[in-house]
Structures are given as structure tokens and as C-alpha cells.
Amino acid sequence: MSVASESAANAGVPVVRPGGGGGARYELDEEALRRVLLRPGVQELPAVVVSVAGAYRGGKSFILDFFLRYLTAPPCSQQSGGWLGKEDEQLKGFHWRGGGERDTTGIHLWPEPIVTTTSNGEKVAVLLMDTQGTFDSDSTIGQNSTIFALSTLISSVQIYNLSGNIKEDDLQHLQLFTAYGKLACEGDEKAFQTLLFLVRDWASEYEHAYGYCGGDSLLSKRLQSKPNQNPELREVRDHIRSCFDSIKCFLMPHPGLAVEKQNFTGCLRELREEFRSALLELVPSLFDSERLTPKLINGERVRVQDLFDYFRKYVDIYNSDEAPEATTIYKATADACLLAASRAASSAYAACMEPRINGPRSLSRRVLADAHAAARASAEKVYAQKKKLGSQTDVQDRLQELIKELQASLSHYELSNDANVRKTVSLARKAYDTTVSNVCGDHAQLCLHPDDLKELHDKAYEEALKVFDSAREVYEDEEDEQRTALVKSLEQQYDHLRAINEQNNRSAVLGARDQYVTRMQLLMDTGVSSHKLQAQNQVAKEDAINFFAKKRNHTSTNHSKDPYLENLMKEISSNFVEYEKANINNNQRNMQVAESAYINYINSERESQTCCLHPRTLDSLHKRAMDAALEAFMTNRERSEEDNFKMELIKESIIKDYLLHCYNKLEQRGLDLVSLNKFNNEESVKKALNLYCMKMDQYTRPAVMCKLLVPCTLARLPSYHENARTLAISDYRSRRRGADGYGDDAYLDDLNQRMGVACAKYRNPAYYCLFWLLGGNIG
């Protein structure tokens, strides 16, 4: 929906006023009417006119402003109910106020027709009409009749605003007003379109429910024509049915006692929930796109600009002599006397009830019922003592009406008492919440030992009931439903707090566990000693316990068991087992690194697999390789003499199986290296000895013609031996790696010994001659 103009008005525009003395009966403000009805973009649209009429101070302008709020709300808000506005939003639109004096005179229109769309996509303009209240002290019955009739003629929906019920005099007034309105009509068709009885402050929901459902039921009873009914009453009902195309009824609850205050501004938070719900049913039923009622005259739709002419026509008729002046209904002095007695009795009833309801304590059902009975007896006594005119039947009828009015007043007092009860319950719950908050602050931060929480609840529960009982009036033998409900709600609150406490304790356990994990993770990148791991576990465990303790709201408990702390310890123990496994894996990985470092160091010192070393050179190389392995193992580890992994790496007293295995592998590699070195040394000796023999063969094998020079050869044999020995030892040493500065060399000694044995063979003439003759060699 959209408003036709950008500028917003603050109140309705008066277009029809009662005339002053000596002039026309009614004045039409044509200029104001043109501004409303002849504005561009609106004047050609079909008109939907909704009017509210009824007794003065009945809340007509008040309800119209809710109509206006709905019409100017976005479509999504209209569908969701958000159009009611914010809780503290003041009600604006048609001027209204509390009090006992009338606020609207004549007929007012909202200055800006509101453009909306029907369900079939057609645009229409909605006009809201406010009328002066009937039967105030400043208007004649003729003026009341004319204003009501004129608004009914112009509108497509006339809302008849009534208070409390549809009474017989309301129907008679309606007969008078509509009969007066028909004076301006032509033709035999029904003069008016839709009539909605809006019964305000309906107090008998148990008889007829709020809304259209109960309203239609009540209307059916009120407009029912019976065969034995008084002809005058039947005529009233037949007349009303003959005037309108459609007649409906809506029962509206009382908005709440706040409306009676002078500073009431119409904020939602001051209205009863039942009143809000009724608004959500009533207003869309009038202005929803599928329920809009365009203005029809003679079956034809009326445009907005056409209403200007109808206003002028109808006002001219009521200003002419063609329309007779209406006369008052209440002429009987007896009725006025009975009314005065009834008002005095009502005042007496209020004088009894007000102090009880507005006192410092709320009342239980029985106490309130007894107070009402006593106040009603006082009111009936006042009514009986008043001097009255009229028949006994009239007196009794009025007394019955008075009793019904007092019963309706009881409903209002019940609302006030209920408000006091809610206040008392609210204070009690606040006492409970305050007691809990003194321990934990925000309830969402509640974190206690379960037994501490139970003690806290018991204390808060006692404080809440103390507050409630001090502000409650109830009989000793009476079961107080409100107290029972409060107890139940406090138990539910305790259940809620237990759920919060459970969640927060679990969160504290998880947080403490994470604290432990964070601290332990500092050592998990590389392996550490078992002692270091145990020490870190103890520190991390203490950190976790301190973290958990700080999450608790207080720690002054002396409970032997704490299920959440026990759970934390289980979590820590379980995690430590995993850390021990991880640490073992890390150290095993470090041992593998150490083994690789050992192998790489050995290979870097030895040129090939066939090279040989002096045994002590080999032993020194093995020790250096072991140092390199230890250094690789200790990379990124804390260097401590208490590191059992390091000690197990370098000592033979191995504790851990996998460390023994790793150490043995390194030692076995050393033994394998010794075996290989022994083999290479022996092979070097053999090769050097072969070189020695080859040289000696060359030296001792003369030419054939020189075979007689054997004695000479034997004489030079020592020289040959020394030369061949030198070459052999040089060859042997060329295969050795490392320094030869050691005093002993078993392999060199073996080579020298074996060369000596070979040399001895060369010195033996017999063997020498034999092998020489055979062409062989001594080697």
C-alpha cells in the first residue's frame, strides 16, 4: 500500500460541523473536502469509506488510528502482524484523549486517502471517517441523529461503536438514526451497505467469545424476532434488517486499565494481549485486499470525487425543512431517577473495591470473590435506600442491570488484581534471580558443583516465596493457585539452571583439557625423556585444574567428590597415554636418524668397501660415528644428563627394548665393519705377499746361459729380499686408510713374517735348484 501524498497530517480534517445559532443547522467545509477528495491520482479511484459512530468517549478515534496504522504499514507487516508497531510507539492519527469530555465534533476525514489494491489487482482509495459522539452534554438528539445518518449514508462500512453490550436502547437509537438517514435516500432499495456492531469492553467471554464468532452469536440473539415479542421491539429489529445489506458484530475485549490514565499514549506495551489479538482479527477483516468494501449507490461504484457531490446533497437535505427535527428517547423522569440511583450504587461498589484492589497486596480468588460480594451488597443497599420513581418492574429491571454492570466491573478489577499478581510474581522471581546472580552474575555464566547449585536454589527459592507471601492476601485454608504456579515455575527455573550449569561445567572440563593439551603439545615436536614428559604432565595437569577451578563461580566447597573434576582427570590420563605413545614414536624416529647418521659418517670416512684400516683406527672411527649418531639424536632435544634415551643410546645397560635394538644395531654394524676390515686387511696382506714373491721370482730367475751364476744369486738374495719387501709394504700401505702412527700392526707383522718365510725358501739351495730346474718359482 502507498500513501497518496508525501506530506503527513497529524489529525483528521473536520468537513461537517453543527451550525451556529441563527444559521444553517450544519456547515460543510467545501474547501477542506476538496483538498481531501479532489487530489490528483486519487479522485478517479473507487472509494472505500469506513466510518465509526457511537456514543461519545467510546474510543472511536482510538480504534481509527489502528486502522490507519494497518493501512500505512508495508504488506509484509500486514501479513505478519507487525503492523501493530513497536511496544513503545505512540498511537498517532485522529486526535484522541482520555477523560470524560468529547474530543471530536461533527464529521472528520483523514486528510490523505490511502491507495491500496484489491485481490483482483484493482486500485481503490480508502477514506477513514470519524464522527462526534452521541448523547454528550453539548449536542441535541437531532444533531446526533443527523451526524450518524450522514456518516452512514456516505460510508460503505458503518461501525456502530458500543460499550459493554448491545442493549435495547442502542437498537432503538439505531432505528431512530437510520430512519432519519432514510429521509435523504431515494428509491426502495436498502439505504445502507454494511453495519458492524463493535462492542467494546466485552466482559462476558464465557458466554460469547471475543471476535466475530462470539459477536455473530450475540447479534443473532439481539436481533431475533419472536412470535410473542412486543410489536414495538419486533418493529425495531425488522427496521434495522431492512436498512443494511450486511450486518455483523465483533466483540472487543477491554484494552486494559492503562487507558484510564491521563498520560496514556496508546503504546502497545500498555494494552492487554487479548485486545491486541482482537485488533489482529478485526482490522484485516475490514482492509485486507480480499475484504475491502467499495462504496455503492444504486449498484454502481462511487468514485472519490463523486463523494464531494454526495456530501453537498445530503447536507443540503438536512439543512432544509424537508427533514423533521428528531426528539429525545430518554424523556421519562423515572428513568433518569433510576439511572441516578444506579450510579450512586456503582460509586458505593467502587468505594469498597478500589482500596482492596489498589492496596499493597494482591488477592486470591476467594478473597476477591468475598470482597466483590461485600461491595455488591453495599451497592444494593445504597440503591435500595435511594428514592425512586417508576414501577416496581422498572426498579427491579434497573437493579438487574446494575448487578450486571457490577459483574462487568468485577472483570475490570480482576484484571487489575491479575496485574498485581503478575507484579508480585515478578518481584518473587526477581528475588530468586538476584540471589542466583549474587553468586554467578549472569545466569549464563553459572558454573557450580551440583550440590552447591542445589543449596543456591534452595536459598533463592526461600527468598522468592518470602517476597510473594508478604505481598499476597489469602485465607489460611485456601490453596493458592498463584503460589502453586510460582513454585512450579521456580522448579522449572532450577531445571533450566541445572542445564546451564551442566553445559558450563562440561565447557570448563573441555577448556581445562585444551589447556592441558596446549601445554603438553610444547614437547611433542621431538622426543623427550620419560622424566621430562612426566614433569611436563604434572605441570600441565596443575594448569588444567587451576583453569577449571577459575571457571567455577566459587571454590569454597568441601565435597568429597566432584564428577566434573573426576571426568577431567580421566580425560588427562587418557591424553597422557597417547602422549607417551607419541613420545616413544618420536624417540624411535630419532634413533633411526641416529643410525643413519652413524652409517653416513662411516661411509664418508671410508672411500670404498675394499679399503682397510688399522684396528685402532677403525675403533676411533666407530667412536666418532657413535658421537655423530648421538648428536643427530640430540638435535632439537633438551640436553640433560637425565635423558634416559640418550643414556640408553650410549650405554650397554639398556632398559627399553627398542633402544637395545637400536644400540645393538649400531654395535652390530661396528662388528660387521670390524669383520669387513679384517677381511680387507688380510686381502691386502695376500696381495702384498704376492707382489713380494713376484718380485723375488724376477730377481732369482736368471737367463739359461747364466745358470752357473746361482752362487752369485744367492749371495745377492738379501738385497733382493729387502727391495721386494719394501715394494710389498708400500703396496700394503697404499690399501690402508687412516694414520699409521700406532706402535703395533698385526697385519703388517703378519706380512713381514710371511715374507720372511718366503725369503727363507729362496735361501735354501736345494729347493732353489729343484724349482729352478723345473722352471717354477719359490713363491
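What follows draws every value from the coordinates through simple rules; no lab data is involved. From a predicted model like this one, the values you see are computed outputs, not experimental measurements. Don't worry about glycine lacking a Cβ; one is built from the backbone with ideal geometry, like all the others, and counts go over all protein chains shown.
Show the residues, 5+ positions off or on another chain, whose built amide H is closer than 5 Å to the amide H of residue 49.
Amide H to amide H, under 5 Å and 5 or more residues apart or across chains, residue 49 pairs with 127, 156, 157, 295.
Applying the Karplus parametrisation 6.51 cos²θ - 1.76 cosθ + 1.60 with θ = phi - 60° to the phi angles of segment 344-351, what ³J(HN,Hα) value in whole Hz is obtained for each residue in order, glycine and proline being reported as x?
Using θ = phi - 60°, the values come out as 4, 5, 4, 5, 5, 4, 5, 5 Hz.
Taking amide hydrogens as modeled 1.01 Å from N in the peptide plane, which residues meet the under 5 Å criterion relative to residue 364, leaving out close sequence neighbours?
473
When the Kirkwood hydrodynamic radius is evaluated over all pairs of different C-alpha atoms of segment 533-635, what value in angstrom, to one decimal, is obtained? Walk me through the intermediate numbers first.
Values: mean 1/r = 0.0554 Å⁻¹.
The answer is 18.0 Å.
Pull up all non-local amide H partners of residue 196: gap of 5 or more, or a different chain, and H-to-H distance under 5 Å with H placed in the peptide plane.
Correct list: 158, 159, 160, 248.
How far apart, in nanometres, would the label points at residue 620 and residue 455 be if each is projected 7 angstrom from Cα along the Cα-to-Cβ direction?
The modelled label-to-label distance comes out at 7.7 nm.
Which FRET efficiency, nearest 0.05, do residue 206 and residue 558 yield, Cβ-Cβ r, R0 41 Å?
On the way: r = 57 Å, r/R0 = 1.40.
My answer for the efficiency is 0.10.
Step through the table entries 466/488; 123/295; 454/541; 167/221; 695/761; 459/488, compare each Cα-Cα distance with 18 Å, and write down the pairs that go over it.
Details: 466/488 16 Å; 123/295 14 Å; 454/541 29 Å; 167/221 11 Å; 695/761 14 Å; 459/488 16 Å.
Violating the 18 Å limit, Cα to Cα: 454/541.
Computed from the mean reciprocal separation of all distinct C-alpha pairs, what Kirkwood hydrodynamic radius does segment 198-265 have, in Å?
On the way: mean 1/r = 0.0715 Å⁻¹.
Here the Kirkwood hydrodynamic radius works out to 14.0 Å.
Taking a quarter of the surface of the convex hull around the Cα atoms of segment 453-571, what do you get in nm²?
Details: hull surface 39.7 nm².
If I average the Cα hull's projected area over directions, I get 9.9 nm².
At a Förster radius of 30 Å, what calculated FRET efficiency corresponds to the Cβ-Cβ distance of residue 44 and residue 277, to the nearest 0.05?
On the way: r = 38 Å, r/R0 = 1.26.
The calculated FRET efficiency here is 0.20.
For segment 161-279, just run the numbers: alpha carbon Rg, then divide by 2.2 N^0.38 Å, N being how many residues it has. Each step should come with its number before you reach the end.
Working: Rg = 16.7 Å, N = 119, 2.2 N^0.38 = 13.5 Å.
For segment 161-279, the normalised Cα radius of gyration comes out at 1.24.
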